[in-house]
Structure formats: C-alpha cells, structure tokens
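Some notes on the structure that comes next.
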Amino acid sequence: MEMGKKLAMLILVVLLVERSSAVTLCKMDDNGFAACKPAVTQPNPVDPTPECCKAISGADLPCLCSYKNSMVLPALGIDPNLAMGLPAKCNITPPANC
C-alpha cells in the first residue's frame, strides 16, 4: 500500500510540473526549485545560489523534509542527501527531525 501511495504522489507531482508553469510545493515555487536544482544534482553539484537560498528561506522546511525518503526526489534527478544539506549551506537552521 505504501508503494502505491508513493507512486501516486510521483505521478501527481510529474503531472503538476508538466501542466503548470507556477507549481508551488511546500511554499516553494518552480523558480525556487529551478534555482536550487544545480546544487542538488549529481555528479557535480554546485554551491546554492542566493536565489536558491532565498527560496529555501521562505519554504516550509518540515514539508520539504517529508520528501527525503520519497521516490519523488530521485525521480526528478534530485539527490536527497544534497537536498537535505541545502539549509545548512544557506545558513538556515534545518528542522530538528529532518
């Protein structure tokens, strides 16, 4: 059942990304995700840009943390470990349980 929920969430996210130019997830819009993508993509991640850090500072971090063990991030080409390290690289205190 859990796998079915993850697959449904992945399909929903992909459909939303493809059908909308203004996707917002966890208070972070598609521009914020685009600004952060180079910092969370292997094999050569870069330091987060000021635009990425601004997006992270306004995001709902506990919400984003809920995706750390999800299939959604890898399916979008995002390394979950790099993603979880972004707040610290932006000098933002991450949620305690993340």
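Below, the figures for the structure above:
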{"item": "Residue match in region 34-51 (condition: among the small types (G, A, S) and loosely packed, with under 13 Cβ neighbours inside 10 Å)", "result": "yes"}
{"item": "Among (1) over 17 Å from M84 (Cβ atoms); (2) at pLDDT below 95, the one test that T49 misses", "result": "(2)"}
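The values are calculated or read from the model by the stated rules, or taken from the named source; none is laboratory data. It should be emphasised that the depicted structure is a prediction, and the values quoted were computed from it without experimental measurement. Note that each Cβ is placed from the backbone with ideal geometry, even for glycine, and that neighbours are counted across all protein chains shown.
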